[in-house]
Structure formats: C-alpha cells, structure tokens
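Each remark here refers to the structure printed beneath this line.
The values are calculated or read from the model by the stated rules, or taken from the named source; none is laboratory data. Just so it is clear, the structure is predicted and the values come from calculations on it, not from any experiment. Reconstructed Cβ throughout: ideal geometry from the backbone, glycine too, with neighbour counts over all protein chains shown.
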Amino acid sequence: MPGGNPFENSCPICSGATQTSFVAQLRKNLPLDIGIVYWMCLASPRTSFYIPFHFGISDFPAGFRSKSQRPSSQFYDEKVSRPFKSDVLEAFWTFSNFYNKVNSASPEDVARIQAQAEQIEKSALSIQGPLEEAAGRIYAGDRAAAVKLLENYSNGIYLSSLVAMEQIIYERAGEP
C-alpha cells in the first residue's frame, strides 16, 4: 500500500469484549527455550500490559500459579469491585480489578494507561535482545541458569506492571 495509510484497512486482533490476549514471538535462530516467547495480557489489551514468558522457563511468577477454580459471578463481582490493591500473588485478580476500575475511563485516561503500558512493553523489548544473548551464552553450559535469567526477566516486567497499575489508580484518584 505505497503512499497509503497502513492502518486504514487494518483489522484489529481483538474486540471490546476481549478478556485476555497473547502474542507468540517465534524465532528459529535461538534455542526453543529462548526463541519462543509468549507475551500474555491478562485483561483487555486496551487497558492492560503484555508480559513476556519464554518457552523454556520452569515456573511462572507466583501470582500466575493459583489454583484454577471458576468463581461464581457474585464472587467475581465482589472481588473486582473492591478498592484496587495490587497483589503479587494474585495476578488474575489484580488485572481483573484494575480493568474494572479503568474500563470506563475517559479517552484521556485510557491514553495515559496505554502510554504507561507502551513504556513498559518498549522497555521489555529493549532489554530482550541483550538478555537473550546472555541467556544464549549461558544456555549450552548451564541451561538452568539461563532459564532462571529468563524467569527473572518475566517477573521483573510483571512487577513493573503492578507498580504502574497502582500509580495509575492513585493518579486517577488525585493522590501522589
């Protein structure tokens, strides 16, 4: 589409009803443990953050490992309508509660949330190359150490997302 707007005829990959999303990053030039990255978003991408997880990690951050139970609608509504407080051990509930607080935000607030998410995601991408190079050098001699490096990277992005959510909520409430 030379000279045209590349977004003019684009089709979104999700809709307003999207509850979670992921993007798979696949590279052949790296060991599978490093070359496959699952960028996961635990709420609507409109007001949430993508967090990278490499295929080779042996464990997710603790907040992603809670028992899987389908909550009742009443329990879900009670949980997400509580005042926002990020909980590193409850990723799903933290992201769901945040979504509940910002889903109906003004266009200006949504733009600020998206800018914060983009900043975290761009930071994750800028670190990714050098991190994967280091993991690749370590991998042949000590796979466990390389995988731990990748786990720490994902956990750091996850924690940055939690801090950003708290900051956004406090700013919307007029607190410092």
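Miscellaneous remarks
- Residue check, GLU121 within 30 Å of SER81 (Cβ to Cβ) and assigned to a helix (DSSP H, G or I): yes
- Residue list for region 98-132, restricted to those being in contact (Cβ under 8 Å) with a residue 60 or more places away in the chain, over 14 Å from the mean Cα position of the chain (by Cα) and closer than 30 Å to LEU150 by Cα: GLN128, GLU132
- Test: residue in region 123-138 that is surrounded by fewer than 20 Cβ atoms within 10 Å (Cβ to Cβ) and in contact with a strand residue (DSSP E or B) (Cβ under 8 Å, 6 or more places away or on another chain): yes
Let's see how each residue does on (1) at pLDDT below 95; (2) under 30 Å from ARG112 (Cβ atoms); (3) in a loop (DSSP other than H, G, I, E, B):
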residue: ALA134; (1), (2), (3): no, no, no
residue: ILE138; (1), (2), (3): no, no, no
residue: GLY141; (1), (2), (3): no, no, yes
residue: LEU149; (1), (2), (3): no, no, no
residue: ASN155; (1), (2), (3): yes, yes, no
residue: GLU171; (1), (2), (3): yes, yes, no
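- Top-ranked residue in region 46-72 [being surrounded by fewer than 19 Cβ atoms within 10 Å (Cβ to Cβ) and in contact with a strand residue (DSSP E or B) (Cβ under 7 Å, 6 or more places away or on another chain); ranked as modelled with the highest pLDDT]: PHE55
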